[in-house]
Amino acid sequence: MTLKKRKIIDGHIHYAHFSYQDSLMAIMDETGIEKLAVVCTPDEARLSLVPDALLLKAAYPDRIYLFGGLDISPLFISPDIAGEAFAHYVDVLLGMGVDGIKMIEGKVQMRKMLPIPDFDARVYAPYWEKMAETKTPLIFHVNDPEEFWDAEKVPAWAREMDWFYGDGTYINNEVQYSQILNVLERHPDLNVTFAHFFFLSAQLDRLAGYFDRFPNMHVDLTPGIEMYFNFASDPDKARAFFIKYQDRILYGTDIGARALLRDRNAGIEQEESLARIEVVRNFLETKGSFRLSHQGFLFGGKEAVFQGIHLPEDVLDKIYFKNFERFSGEKPRPLNSEAIVAECQRLETIIMAMAQVQPGTAGDISSVRKALDYFQS
């Protein structure tokens, strides 16, 4: 099927290195993506991927929304005031011209690797208060597919990625859901989108209950390919859900995730990216079963069968761009070069200090230096 040309904002793209610019934007142009949101995560060697994303946004200021990752160093240096430090860092990020915050800290592996307090703990309160008061858009990864905790149901590919969480050493997904719900109860103005459908694609009635309780809560459609197999099990129910909650669902593909998770030298792969776009758009727009013509990372191959739900045009417009514009603004925010230089200088100092203390664990200042060269000129 040839998909119709539409106005689309891709609200969830990873950008692990500034060298990816040409390949990423070529895919955006080829597939007619008008605007995109780059979501930044912490980085072991470079601390932050924000400088890379700032360079991309500077090159395409009208097309790029930037969701900056938090500086997680307070979790190690001053954990008792980490929430206050995070709240201050929100101001730093917004001062540079980012459009929102990305949190990967709810991904189960991150909770195991980092000394992350319970999300509803007192120490986090200043951060949640800041985010709610300012209504700063937040894209939040919480949990993973529920079968990853079940030894009998976890897929073989998930085990290969070390994504089996049922050995007792990882946080339980229901515990983490409980923490997040407590945060939403305390801060109902929190403007949040939960990535990957909040990993509740197999529990639509449960998700509907959350939508009814929390009017500022959204989800995005980034695969998690299990999501589309879950939808295929009852496409009529999925369609009814999407129509009822058409104002709460955002389009996104997670393009760039493979480079982030597996091989950054591979960059943004065209075939992988086209598969991501194809599965989400065909699901939304087509009627009946479909297969992918492109090969995607962990997508089940070209033999996998999905089901489309053929949404009405007005609903598609909301999911493709109107909901994101309401969530994050009709235009990306302008950048502030002075604030960017100050933050990049701070990052450079920390990276160099870490390299001296722990050789081999940090020290890549290429992105920070490139950003400094650009924004100081």
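The values are calculated or read from the model by the stated rules, or taken from the named source; none is laboratory data. Here the structure is a predicted model, which is why all the values come from computation and not from measurement. As a convention, Cβ positions derive from the backbone with ideal geometry for all residues, glycine included, and neighbour counts pool all protein chains shown.
Taken over the range 336-353, the criterion of being surrounded by fewer than 19 Cβ atoms within 10 Å (Cβ to Cβ) and touching a residue at least 40 places away in the same chain (Cβ under 8 Å) is satisfied by Asn336, Ala339, Ile350. Of the residues making up the range 210-228, those that are touching a strand residue (DSSP E or B) at 6+ places or on another chain (Cβ under 7 Å) and farther than 29 Å from Glu133 by Cβ number 1. If only residues of the range 325-335 that are touching a residue at least 40 places away in the same chain (Cβ under 8 Å) and assigned to a loop (DSSP other than H, G, I, E, B) are counted, the one that is farthest from Phe242 (Cα to Cα) is Leu335.
What residue, of Ile309, Ile243, Ile249, is farther than 20 Å from Gly68 by Cβ, within 19 Å of the chain's Cα centre (by Cα), of a type in the set (A, V, I, L, M) and modelled with pLDDT of 95 or more?
The conditions single out Ile249.
Among the conditions (1) at pLDDT 95 or above; (2) touching a Leu at 6+ places or on another chain (Cβ under 7 Å), Ala121 misses just one, which is (2).
Listed here are the helices (runs of 4 or more DSSP H) enclosed by the range 225-324 that have at least 3 residues being within 16 Å of Asp10 (Cβ to Cβ) and of a type outside the set (Val, Ile, Thr): 257-261, 270-285.
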